[in-house]
1. Report the charge-dipole magnitude of the range 6-107 in Debye, nearest 20, computed about the Cα centre from +1 at each Lys and Arg Cβ and -1 at each Asp and Glu Cβ.
2. Between Lys69 and Asn241, what length comes free when the chain is fully extended (0.36 nm per residue of separation minus the Cα-Cα distance, one decimal in nm)?
3. Evaluate E = 1/(1 + (r/R0)^6) for Ser277 and Glu39, where r is the Cβ-Cβ distance and R0 equals 51 Å; express this FRET efficiency to the nearest 0.05.
4. Determine the alpha carbon to alpha carbon distance for each of Lys28/Lys70; Lys94/Lys120; Lys94/Lys320; Lys14/Lys94; Lys153/Lys240 and list only those over 21 Å.
5. Extension gain Ile223-Thr22, at 0.36 nm per residue separation less the Cα-Cα distance, in nm?
6. For the residues Ile91, Ile245, what sequence is obtained by ranking on other C-beta atoms within 10 Å, fewest first?
7. Between Lys117 and Glu294, what is the label-point separation in nm under the 7 Å Cα-to-beta-carbon projection?
8. Estimate the FRET efficiency between Glu141 and Ile50 by the formula 1/(1 + (r/R0)^6), using the beta-carbon distance for r and 56 Å for R0, to the nearest 0.05.
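Coordinate-derived values only; no laboratory data. Here the structure is a predicted model, which is why all the values come from computation and not from measurement. Here the Cβ is made from the backbone with ideal geometry for all residues, glycine too, and neighbour counts use every protein chain on show.
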Amino acid sequence: MSTVSYKKAIDDLKFVYSENNTLSIIFKNNEILMGIVGEFNNNLKDLEKITETSIYSRGNSILVKSTPKKNETVKNAIVFLFDQFINNGAIEKKDIISSVNKFMIEEKTDKIEYIIKTPKKSVIPRSEQQKKYVRALKDNEVIISSGPAGTGKTYLAVAVALTMLLDKKIERIILSRPAVEAGERLGFLPGDMREKVDPYLRPLYDALYDLLDFEKIQKRIEIGDIEIAPLAFMRGRTLKNSFAILDEAQNATDTQIKMFLTRIGENSKIVINGDPSQIDLPNKSLSGLKRSKEILGHLNEISVVDFDHSDVVRHPLVSKIVKAYSDQNFKK
C-alpha cells in the first residue's frame, strides 16, 4: 500500500461515542480493519490486555468499552495501528505495545517528520528519546547514545544510514564493533578473517536485512557501499561521505573510541552506541563509553542521547527485566 499521512488515518475512521462509555471506531476499508484486528482477533486481544479495557470487533467497527480516558487511549492506539498497517502492510506485536506508548497516544502533529522510510518498511520512533535520537542522527555530525538492549540504538541508526545511502546523501555505510570482548584477539578463532569476525557483527547484518532485501544488501556489500568490519580495521583511515556506526561501544576502550571518532572526514557522520550495563572487558573501568560522553557532551556538534528501560521496544518483559537489574544494581 502507498504511504499516507497520520491525518489520513483519522479521516478514514469515524468515531461514535455512546452514553454508556462505549466508543465505536468505524472503518471505511474492511481490509485495513482485518489487518488491525488480526487473525482470530489476536491483535485486539493483546491491545485489550495492555490497556485493561473491553474491545470487540463487530461488522466494520471496533467497539471499546471502558472509562472515557481509556477509551481515548485505545482510540489513539487504533489510529496509530491504522497508520502502521498503511505503511508496512502488517501489524507486529511490538506495534501493539508501541501503540499505547505515551509518545504515541498524545496528539503529535509532527510525528510524520520522524518516520524513516526504508524499502521494506517504515520505521517510527516509539518514545520521546527515540524521537530525540532520530533528530540527532539527522542533524548532528557525531552522536553518542547509551542505554539497555532493545531501545533501538543500532536499529534506528542503521535505518537512517540506509536512507541516506539510498538517497545518495552519502557514499558508504560503515558498521563496526569491537570484534571480541577482551581486546579483539581474533587469532584464537577458527577460519579465515571473515569467518572470525562475522559472528560478532551478526546483529548489524540482521538490522540491514530487516530494512532492505538480502540480495540488495549483499550487492551493496560486494561493491563496497556497505562495509562491516571490526573496530581494529578502522585505524589509520579517513571516512569521507560516510555514515559510520560503532556498536557495542561499552567494550571499546577510551583510546579506541577516540581513534574511531577521529576518523571522521568531510560530509560524514559517526554514531557511538553502547550499553553500560553489559561491559565485557576484563577491567570494566577501561570502557570508554561513559568517558566519551563526559569529555565531548558539551560540544554543539555532538549529541548525547541516553535511553532507559522505558524506551525498550522488544517484548514488554524485557523492559521489566532491565528495570529489575537496574534497581538491584542501584541498591548495591
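1. That gives a dipole near 160 debye.
2. Gain on stretching Lys69 to Asn241: 57.0 nm.
3. 0.85
4. Lys28/Lys70; Lys14/Lys94; Lys153/Lys240
5. Going from the current span to full extension adds 66.6 nm.
6. Least crowded to most crowded, the residues run Ile91, Ile245.
7. 4.4 nm
8. 0.90
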